[in-house]
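Working notes for the structure below.
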Amino acid sequence: MAKPSQVQDEELRGLIVAARAAYLDDRNLESVEKSVAAFRGLLQRQPDFLSAGPFAGNNRRVFPQLGVALKSANGGQPEIVFERQQFSNPEAITFYEYVSDCLVAAKL
Amino acid sequence: MKFGLFYELQLPKPYDCDTWNPDDERRIIHEMLEQVELADRLGFDYVFEVEHHFLEEYSHSSAPEVVLAAASQRTKRIRLGHGIVHMPPGHNHPARTAERVATLDLVSNGRVEFGTGEGASDMELGGFNTDRGFKKQMWEESTRECLRMMTAEPYAGHDGQFLRMPVRNVIPKSLQKPHPPVWVAASRRETVMLAARLGIGSLGFGFETPEEAAERIERYWELVQEECRPIGAAINPAVSTVATMMCAPTDEQAVAQGLSGAQFFSFSLGRGTPPDPPRNPGHDHLYREFVDSRREKRAKPARDQEPEDEGQRALYRAGQRGGFIGSPAFIRENLKRYEAAHLDAMIFVAQCGDRKHDEIMASIELFAKEVMPEFQERHERMQRPWRERQLDGVTFLNNSTI
């Protein structure tokens, strides 16, 4: 059960708290940007998160395919690309929930 | 816990023929109506019927409002659920959805549950030229506007990203006020949490384990209290999940009668979703592929791991024996684990694959007589007061039928 207060990494907690504040205020693009920035931070800290982390294998959770693409790169870290600059509130919430769960599962 | 039946109207082609028998589509609809009539008489709370398009053999239920209207004339009490209506406007214009849902509510004397969703398969999204990347936006905009159409006199009109409509009074209005209880199909955890924030019921298609359900339900109710901004004029706070069921006097009988159907359920839905091969409209024979693949698999070691992909994992679970293909005692013990997690409703897929009508009828009857009553009794005595505690301080109009 992921909540911002459960994220220990100060920088990542700040991003996810900001993502929540933004979606609550209907600043949806900003919210998605903050959530994605937190996810990038997770991948920097744990480069094998997607391949061997707690959401790999039987517990795999799929990155939301809602205007932001997670593209795998040969041998390197996956690239995260914004495909548009407009997001709805449900989309912002979806990214927030996904990234929050990932951060808590990664014990960051 | 409350109970429902869930219908895809599955229709496998006969193994030795390249197409269905001429009477098969009529037969499967009338068998469903008989099953729903029996379920109503025995005290089931809900029947949900899907809307799917172009998914041959997997689902011949493209006009559920027609079948549910027929069911309404053969039943007295059971709630009639769309499970779900495709909300992208290219599939159903929101005004037409508002009209149909309201009319069904009038025909059924106020028994409609309004399930909503985005559509998921490539066959359906592609068939209506819906961009997968935008389907959640389409769902939200169309659902919000549809609910306004159902309540406003007149509807003020809308100039949005996916819907433009001038001022009109959308009629008729539903019997249930302000509108029927609203649900969303939730195959991902994120959607369950979105449902809480929008004040609508979660119709779970993730085939969640009791442990997963417990975690989701706890967080769902926290969010109802903390962040709910209703999408409609009334909230429907509720968490349900869908599972395949076959109840028989012994576990062995239940597996013999029900496992193959559950496996076809997941096999046929997975078809067309990568990594499975794409569908070939008008030419596929999924049932033959399914039977042949099972014969091949018998010679191979069983899969010891669930699929990695979330969607594939749900399908895999749907095709397993799970907790609800067994004797009354087996099903009862497994249901208790969901009851302990405070699940509001368990919705059973009874008709699927090559299951036989008379065996489905017997399964519905045995479950209703041997298992259901104690859970319904505890729902009134324990779950309902628990729900009231979760809603303490929540001031939105609540029209949930849980």
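Only the coordinates and a few stated rules stand behind these numbers; no lab work does. Please read all numbers here as calculations on a predicted model, not as lab measurements. A quick note on method: Cβ atoms are made from the backbone with ideal geometry, for glycine too, and the neighbour counts reach across all protein chains shown.
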Query raised in the report: Only one of B:G43, B:G4, B:G90 is on the phi > 0 side of the Ramachandran plot and among the small types (G, A, S); which?
Result: B:G43
Query - Output for region A:23-40, where each listed residue is touching a residue at least 24 places away in the same chain (Cβ under 8 Å) and either in a strand (DSSP E or B) or within 14 Å of another protein chain (Cβ to nearest Cβ) (or both) - result: A:Y23, A:D26, A:N28, A:L29, A:S31, A:V32, A:S35, A:F39
Report task. Could you tell me whether any residue of region A:41-53 is within 10 Å of chain B (Cβ to nearest Cβ) and either surrounded by fewer than 19 Cβ atoms within 10 Å (Cβ to Cβ) or out of contact with any His (no Cβ under 9 Å at 6 or more places or on another chain) (or both)? Result -> no
Query - Members of region A:1-22 found to be in a loop (DSSP other than H, G, I, E, B), of a type outside the set (A, V, I, L, M, F, W, C) and closer than 12 Å to A:V99 by Cα, listed by number - result: A:K3
Report task. Looking only at region B:180-217, count how many residues are within 11 Å of chain A (Cβ to nearest Cβ), in a helix (DSSP H, G or I) and not hydroxyl-bearing (S, T, Y). Result -> 14
Query - Hey, B:M149 in contact with a Phe, Trp or Tyr (Cβ under 6 Å, 6 or more places away or on another chain) and more than 21 Å from B:A234 (Cα to Cα) or not - result: no
Requested in this report: Kindly state which helices (runs of 4 or more DSSP H) lie completely within region B:71-154 and contain at least 3 residues that are more than 14 Å from every other protein chain (Cβ to nearest Cβ), surrounded by 20 or more Cβ atoms within 10 Å (Cβ to Cβ) and charged (D, E, K, R).
Outcome: none
Requested in this report: Output yes when any residue across region A:52-67 is in a helix (DSSP H, G or I) and touching a strand residue (DSSP E or B) at 6+ places or on another chain (Cβ under 8 Å), and no when none is.
Outcome: no
Query - region B:346-402, residues that are more than 23 Å from the chain's Cα centre (by Cα), outside any loop (DSSP other than H, G, I, E, B) and of a type in the set (D, E) - result: B:E370, B:E374, B:E377, B:E380, B:E388
Query raised in the report: For region A:70-84, does any single residue satisfy the condition of being more than 7 Å from chain B (Cβ to nearest Cβ) and assigned to a helix (DSSP H, G or I)?
Result: no
Requested in this report: Scan region A:85-108 for residues that are facing chain B (nearest Cβ under 9 Å) and surrounded by 13 or more Cβ atoms within 10 Å (Cβ to Cβ) and report the count.
Outcome: 12
